[in-house]
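For reference, the structure discussed in these notes is given below.
The values are calculated or read from the model by the stated rules, or taken from the named source; none is laboratory data. Worth saying up front: this structure is predicted, and the values here are computed from it rather than measured. Heads up, the Cβs are rebuilt from the backbone with ideal geometry, glycines too, and the neighbour counts pull from every protein chain shown. Protein only, heavy atoms only, side chains kept; ligands, DNA and RNA dropped before computing areas. Shrake-Rupley method; radii C 1.70, N 1.55, O 1.52, S 1.80 Å.
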Amino acid sequence: WFNRRFLIVLICSTAAGLTLSGTDVAIVASTRELDQLEWAGLVITLWCGASLVGGFFYGASRRSPGLPTWLMLLGLTTLATAAISGVATEWWMIAIALLPAGLCCAPALTASVEQAGKMVDDYARGHAISLQNAALATGSVLGAPLAGLAVDQTGRAAWGYAAVAVVGIAIAGLALTATSRARHPLAAEAHHIPQGDPV
């Protein structure tokens, strides 16, 4: 059961954890840059509140995009936050910029757990979800120092968001390409009609 599809789920889970933990660090850095660090807790709370709303939306929807698509949306909205953070002058501007990214947080995390559990048989489901949790935790460990390094090297908090967003977007793009190529031969085979010798 540990095949290429499951490996893609693990890699996407790592990227999701990396993006979220890096964003957490970038929020602190961006509010400190504005000399409004005391508002960092509220910004994080609003970001988490948007994630809660996104989770309700994901749970209520009958059909939802797959994990690579949610990861791509998370990366793109986080990258947009980086652009706004670069010109923000007040903490609430960062909070508003983070709302779209927050809406994608819970769906991306839920999709990763859901796909890890669905693509294996019952006897391996506990093992699969454990590996998914380990991948998510690995991303969380890597995201914070990556964002911190980007902020330290550039002297701008916006690069903290950008660094983790670019990684998420790149991995989502590779995952979407891989899954698309995997479906294409199956679709071609399903629609192939053998042709006999001409009469």
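Below is a table of values for the structure above.
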read-out: Length released on extending from ASP121 to TRP39, taking residue separation times 0.36 nm less the Cα-Cα span; value: 24.9 nm
read-out: Size of electric dipole in the chain: Cβ of Lys, Arg +1 and of Asp, Glu -1, about Cα centre, debye, nearest 20; value: 440
read-out: Candidates GLY102, GLY54, GLY86, ranked by Gaussian network fluctuation over the chain, Cα under 10 Å, top entry; value: GLY86
read-out: Fully extended contour minus Cα-Cα distance, from SER61 to THR89, at 0.36 nm per residue; value: 6.4 nm
read-out: Residues whose placed amide H lies under 5 Å from that of SER64, excluding near-sequence neighbours; value: none
read-out: Probe 1.4 Å, all protein chains present, accessible-area order of ASP122, ASP24, largest first; value: ASP122, ASP24
read-out: Fully extended contour minus Cα-Cα distance, from ARG4 to ALA134, at 0.36 nm per residue; value: 45.1 nm
read-out: Residue-normalised accessible area of the chain, expressed per residue, 1.4 Å probe, Å²; value: 54
